[in-house]
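**Student:** First the structure, then my questions, so here it is.
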């Protein structure tokens, strides 16, 4: 996704989120960053993301 602009990246991860199980994980490449999508995914490891807490809680 590094070749997409931030709005496109956000659109992609927002489409991934509802497809992922509540305890599912998204593995990203080392050059990927989802900091701009913190409301959707939270960093769980160096390149591993889980769903952000639902209901506004983080």
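Laboratory data are not the source of any read-out in this text; all were calculated from the coordinates shown. All values derive from a computational prediction rather than experimental measurement. Every residue, glycine as well, gets a Cβ built from its backbone with ideal geometry; the counts of neighbours run over all protein chains shown.
**Student:** Nearest 10 degrees, 0 to 90: what angle lies between the long axis of helix 6-16 and the longest principal axis of the chain (Cα atoms)?
**Tutor:** Roughly 40 degrees, rounded to the nearest 10.
**Student:** Considering only C-alpha atoms, what is the centroid distance from the range 27-54 to the range 6-23, in Å?
**Tutor:** Centre-to-centre (Cα) distance: 10 Å.
**Student:** Can you give me the distance in nm between label points at residue 4 and residue 38, each placed 7 Å from the Cα along the Cα-to-Cβ direction?
**Tutor:** Rounded to a tenth, the inter-label distance reads 2.1 nm.
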